[in-house]
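S.K.: Can you keep this structure in mind? I'll have questions shortly.
Just so you know, all these numbers are worked out from the coordinates, no wet-lab data involved. On a predicted model such as this, the values are computed, not experimentally measured, just so you know. So basically every Cβ, Gly included, is an ideal-geometry build from the backbone, and we count neighbours across all protein chains shown.
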Amino acid sequence: MDDKIINKILQNRKSCKNIIAPDLVAIDEGKSRLVVAPGWLRGIAQGVISEIGCHRHLRSAKILISVSTKTGDLQKFEAGERMIHGKASKASSLSRLLTAGGKGKLASIDFVVNISGDALQFYGACDKKLNRLDSPEGLRRTIALIDHELSHCGAKINGKYIPENEVDNFVDGLGKRHIETCRDVLKGGKVVQDEVVNDNREILIRYFAADDDGNFIFKLNPHDIEEFSAVAGRHGAYNPSLSGMFDELKEYKGPTLFPDLPKDKPADDKSVEAA
Ligand SMILES: [Zn+2]
C-alpha cells in the first residue's frame, strides 16, 4: 500500500464514527483475556474505512472491535504455527444487547471483529498490555490485518443494464449507493467491452442494494481464494480466483512485511479454521 495512504490512516484523528467504543469491562479468565480494542487500534480501523474506497459502504456501519489474548499464543505465532489472527462476524442479538448501554433497546451494530492481541504483539505493533509501539512495520502489518477483516464486512451488490441516455438520472438517484458505471455494452444479448454500438446501447451500473428504509444490506464476504501453497507451486494459477490473486501480487510494489518468518506450520489443534 502507498505510504501516503498508510500515513493518512495512521494520522487519522477524526472521531471514530463507525468503530464503537462501548464502556464494557474486560473479561479476564486467567489464561485468556478479552477487551474492547484500544483507541489506537480503533483509529486505524476508522482510518482504513475512511481512506480505502473498497470499504466505503462501512461508512454507514457500526462495528465493535475486540482484542483477545491467550497465554502461550504469542509463542505459537513465533514458532510459525498456523494461528487465527482475526475474525469478523455479523453482530448477534447478544452482542447488540451487551453494547446497548442499558438503554433498554438493542444497539445498532452491524459487525463484530475480534483481533488476536498475540498477533499484534507478534507483528511488533504493541506490547502485552496492548500499548502501541512505534514500529512502522508493526503498524503496516496491523493495517493489513484490519483491511483483511473489514473486507469480510460486505454489503449486498446489485447490477442493472440501463440505456445510455438514462444513466445519469439513474446514477444520481443512487447517490452513495453507486459503485461503478461499467463501460460494457449489451449487443444482441451479449456483453461487449468498450464498444459504442447504436442508440440502444445499455450500460451496466453496479450499486449497493438497499432495504425498505434505504439502508445498506450488510453481509459477510468469504475469502477470494482458499488454496494450498504447494498446489499453487505444482500447478500455478489453475483457476480464476487464483489467477486474480496472482495478478494482484504481480502488481504489488510495496515492502515484504514478513521477510524472515519461519515457514508456516499447520497447527495440530482446532485453531485451524477460516478466519
Ligand atoms: Zn479472513
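S.K.: Would you please give the residues with an amide H less than 5 Å from that of Ile19, counting only those at least 5 places away or on a separate chain, with H modeled from the backbone geometry?
M.R.: Placed amide hydrogens put Ile63 under 5 Å from Ile19.
S.K.: Along the range 89-95, what does the Karplus equation 6.51 cos²θ - 1.76 cosθ + 1.60 (θ = phi - 60°) give for ³J(HN,Hα), rounded to whole Hz, x for Gly and Pro?
M.R.: Result, ordered by residue: 9, 6, 5, 7, 4, 5, 5 Hz.
S.K.: Also: Full-extension gain between Leu98 and Asn239, please, as 0.36 nm times their residue separation minus the C-alpha to C-alpha distance.
M.R.: So the extension gain works out to 46.4 nm.
S.K.: I would also like to ask the following. Of Lys76/Lys128; Lys4/Lys129; Lys62/Lys90; Lys90/Lys219; Lys31/Lys128; Lys76/Lys250, which sit over 19 Å apart, Cα to Cα?
M.R.: The answer is Lys4/Lys129; Lys76/Lys250.
S.K.: Scan around Ala107 for amide H atoms under 5 Å from its own, H built in the peptide plane at 1.01 Å from N, and keep only partners 5 or more places away or cross-chain.
M.R.: Leu97, Thr99, Ala100
S.K.: On full extension of the chain, what length is gained from Arg206 through Ile157, given 0.36 nm per residue of separation minus the C-alpha to C-alpha distance?
M.R.: The Arg206-Ile157 span can extend by a further 16.9 nm.
S.K.: Determine the gain in length on full extension of the stretch Glu29-Ser60; use 0.36 nm per residue of separation and subtract their C-alpha separation, reporting nm with one decimal.
M.R.: Here the segment from Glu29 to Ser60 would lengthen by 7.7 nm.
S.K.: Given a Förster distance of 41 angstrom, what is the FRET efficiency for Asp134 paired with Lys219, based on the Cβ-Cβ distance and rounded to 0.05?
M.R.: Working from the Cβ atoms, E equals 0.65.
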